[in-house]
1. Along each of its three principal axes, how wide is the spread of alpha-carbon positions in segment 50-101, in whole angstrom units, largest first?
2. Which whole-number percent is the relative contact order of segment 137-271 (Cα, under 8 Å, 6+ apart)?
3. If R0 is 22 Å, what FRET efficiency do you get for residue 283 and residue 303 from their C-beta distance, rounded to 0.05?
4. Report relative contact order for segment 236-347 in percent, whole number only (criteria: Cα-Cα under 8 Å, sequence separation at least 6).
5. Quick check on segment 236-361: take the gyration tensor over C-alpha atoms, sort the square-rooted eigenvalues as a ≥ b ≥ c, and tell me if it's rounded (a/c under 1.5), prolate or oblate.
6. Could you work out how far apart the two model spin labels at residue 354 and residue 143 are, taking each label as a point 7 Å from the Cα in the direction of the beta carbon, and quote it in nm?
7. Dividing the convex hull volume of the alpha carbon atoms of segment 273-326 by its residue count, what do you get in Å³ per residue?
8. Given the C-alpha centroids of segment 214-231 and segment 278-348, what is the distance between them in whole angstrom?
């Protein structure tokens with residue numbers, strides 16, 4: 001397909017307008033040359049910072065060379081979608097969780113973002129096809145070896161913060177990213193400068209000190225990795241640092257000054273479900289596997305499974321001993337899981353009970 005420069009320029013403007021109709025906050029376009037990012041990716045992998053996430057290294061250069069992943073690709077349509085639930089005082093609310101309340105990352109309290117973004121990116125692709133006819137493309141939402149932050153940064157959606165997430169002057173970092181790799185030589189947008197300056201709030205506040213240097217995260221220490229990606233036992237020395245964070249961690253975003261500009265979602269998919277913004281851990285621990293699967297239907301949390309869900313909550317309840325030592329309701333809930341068939345669950349339940357016994361003594 002051969003389109004004139006003017007047609008491509010008009011199409012680019014139309015894509016950005018259609019993007020707003022599909023629920024995206026912003027759409028920008030970049031070429032797919034990520035050669036500048038390859039060395040950093042390899043150094044991160046060589047340092048072992050990816051932990052057990054073998055998929056991060058499994059695809060070789062395809063992760064930093066989109067045209068190898070999808071032959072014919074010359075541009076990326078990079079999109080961001082806000083996910084913050086509608087609340088002006090969200091940061092204050094997030095700092096007021098009680099020790100027995102489960103802290104679940106804000107992005108995971110509503111519908112699974114993979115499904116939401118993929119569907120809406122497909123809608124956008126369909127609009128393009130309706131305008132120009134068939135073209136080569138592939139939609140991605142954190143679902144394939146794509147360096148989406150590097151692509152979004154190149155497209156000008158923001159800059160990479162010291163916590164390694166993308167930051168926008170207009171929207172902070174409380175948004176999802178998605179991409180459409182296309183074979184259309186659309187005009188590209190300019191990147192923006194880095195505006196972190198001397199600030200290192202994200203580094204200072206990280207509970208496990210996982211941000212080992214500006215722009216360098218050791219995933220093996222990150223609470224999000226430990227509670228979501230890690231399949232086995234959570235290292236004993238890191239358990240007390242996790243506190244009551246049972247699925248992910250927002251601390252580096254919560255204390256980032258740029259998130260005073262964070263924007264609420266315009267789609268209702270990300271509104272809180274099942275009271276997950278203030279759920280008590282003793283109640284969550286008592287969910288059967290069938291209850292867990294039913295309650296987490298359509299949620300990103302479902303993918304960790306019931307076993308790791310119980311593992312994480314056990315750690316949270318163990319850490320509650322710091323201020324609620326020997327609490328009868330917590331001890332009873334933990335004790336009810338002592339005979340769980342999973343070695344992983346029993347190990348963390350026993351650890352949690354020891355924290356309460358030790359606190360009493």
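Read-outs: derived from the displayed coordinates by stated rules, not from any lab. For clarity, every value in this text was computed on a predicted model and none was experimentally measured. Note that we place each Cβ from the backbone using ideal geometry, even for glycine, and neighbour counts take in every protein chain shown.
1. Projected onto its principal axes, the Cα set of segment 50-101 covers 49, 30, 10 Å.
2. Averaging sequence separation for qualifying contacts and normalising by length gives 28 percent for segment 137-271.
3. The pair residue 283/residue 303 has a calculated efficiency of 0.55.
4. Dividing the mean separation by the residue count of segment 236-347 yields 39 percent.
5. oblate
6. 4.2 nm
7. Values: hull volume 4.4 nm³, N = 54.
That works out to 81 Å³ per residue.
8. Using only Cα atoms, the two centres lie 21 Å from each other.
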